[in-house]
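These notes are about the structure you will find just below.
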């Protein structure tokens, strides 16, 4: 129930009659103080979770998977958004389609695997069969009846850009042209659409999805919590003025040198070169001594895409509400989340390498994934600890650090804007 002490921002018992979700949400939004973390109900309340599903996850564009998993006709992946399941499949015409994973007979799920390849989509219950475009092909043991031939799988929106696949359950989702143009300009040299999946790690975290996203949007915690990351990147040292000259020199060198390989100098920045309502994209240099995301800074796999040298910085792309990725010259680490409930979130990390790279001769899987996996394991522990505190009766919203947590405030403001629209 959306009942709370506005001055404390946490739920409280009430004997008043329920006034409705919209009124409760308006009161909860009014209690939110700019520059502070959200009131407790945003992180634990089931009604807020349902609002998040309806106004965020069923209205916005969601990262769903990789185009390199969908190279051939009949290749498919599935994506679950709470109770909704979507099949993303490459058609015989080369186009991607996002089809609702619900048979038009009696509602069974058609695909139970997370990925695969098929000639057609066959419901395992009564073998109703659909073409790759969602049209109905066969209804065994069921005589033709008026209208049955027109039944087809429901369809959602889908688009791909720079090897990334997004879906939307909205009737009329937001335009993607500007986002796609900016993301392509940053990621194009990596040719992720031609890549190969080297490893996937899935982790369920006992924390609200917003806590997971907020943690990703700041590096306030990096110097202490992520020492391996801090050795590689400048954004862990925002307050260290002694590094300013070195950073500026590295940025200038990157803009000059990378331009020779067709990389737009405008994409090279310390923070996001391109920042839209729901996306960000830029390329940033490593600290001296690092050319990729590895514990020793040395390459861990063959060069990808168009690259002919290793020191090409890191391409970073993030989209609200569920994606962030780092792509270096030799691999990419892509993380996306999906909410599983008010206090539970599933994160999926995928490592991509050159399409012809082979584990063993070309790279060692453990070395390939260890840099990102270490950061992830550290964050999983941080988030479990934070979420436990947020669930406490004594939790109260605290102030953000104006510089180090500015991106958290941007995300929270985006979130508030979107749930405020009925």
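The values are calculated or read from the model by the stated rules, or taken from the named source; none is laboratory data. Owing to the predicted nature of the structure, the values given are computational and were not obtained by experimental measurement. Every residue, glycine as well, gets a Cβ built from its backbone with ideal geometry; the counts of neighbours run over all protein chains shown.
Inside the stretch 178-203, residues that are surrounded by fewer than 14 Cβ atoms within 10 Å (Cβ to Cβ) and not assigned by TED's automatic domain parsing to the domain that holds residue 269 make up a count of 2.
Of 262, 254, all but one fail to be closer than 17 Å to residue 186 by Cβ and in contact with a strand residue (DSSP E or B) (Cβ under 6 Å, 6 or more places away or on another chain); the exception is 254.
When the stretch 242-269 is filtered for residues that are assigned to a loop (DSSP other than H, G, I, E, B) and either without any contact (Cβ under 8 Å) to a residue 12 or more places away in the chain or under 25 Å from the mean Cα position of the chain (by Cα) (or both), the ones remaining, listed by number, are 260, 263, 264, 269.
Close contacts from the stretch 29-44, counting a first residue that is without any contact (Cβ under 8 Å) to a residue 40 or more places away in the chain and a second that is assigned to a loop (DSSP other than H, G, I, E, B) and surrounded by 15 or more Cβ atoms within 10 Å (Cβ to Cβ), with Cβ to Cβ under 7 Å and a gap of 6+ residues or different chains, come to 31/9; 31/39; 41/2.
For residue 347, state whether it is surrounded by 17 or more Cβ atoms within 10 Å (Cβ to Cβ) and out of contact with any helix residue (DSSP H, G or I) (no Cβ under 9 Å at 6 or more places or on another chain). No, not satisfied.
Residues are listed down the side, and each one gets a yes or a no for (1) farther than 30 Å from residue 382 by Cβ; (2) crowded, with 19+ Cβ neighbours inside 10 Å:
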residue	(1), (2)
254	yes, yes
259	yes, no
266	yes, no
290	no, yes
317	no, yes
336	no, yes
340	no, no
352	no, yes
360	yes, no
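Would you confirm, using the coordinates I've provided, whether residue 76 is modelled with pLDDT of 95 or more and farther than 20 Å from residue 156 by Cβ? Criteria not met by residue 76. Check whether at least one residue in the stretch 232-241 is exposed (fewer than 15 other Cβ atoms within 10 Å of the Cβ), assigned to a loop (DSSP other than H, G, I, E, B) and on the phi > 0 side of the Ramachandran plot, and report yes or no. No, there is no match, as no residue in the stretch 232-241 is exposed (fewer than 15 other Cβ atoms within 10 Å of the Cβ), assigned to a loop (DSSP other than H, G, I, E, B) and on the phi > 0 side of the Ramachandran plot.
Consider the stretch 115-129 and keep the residues that are in contact (Cβ under 8 Å) with a residue 12 or more places away in the chain and assigned to a strand (DSSP E or B). The one that is farthest from the chain's Cα centre (by Cα) is 122. Pairs meeting the criteria (first residue in the stretch 299-311 and exposed (fewer than 15 other Cβ atoms within 10 Å of the Cβ), second residue not in a loop (DSSP other than H, G, I, E, B), beta carbons under 7 Å, at least 6 apart or on different chains) are 306/189. Inside the stretch 58-114, residues that are out of contact with any helix residue (DSSP H, G or I) (no Cβ under 6 Å at 6 or more places or on another chain), more than 25 Å from residue 342 (Cβ to Cβ) and in a strand (DSSP E or B) make up a count of 12. Tallying residues that are part of a loop (DSSP other than H, G, I, E, B) and either on the phi > 0 side of the Ramachandran plot or in contact (Cβ under 8 Å) with a residue 24 or more places away in the chain (or both) within the stretch 276-297 yields 15.
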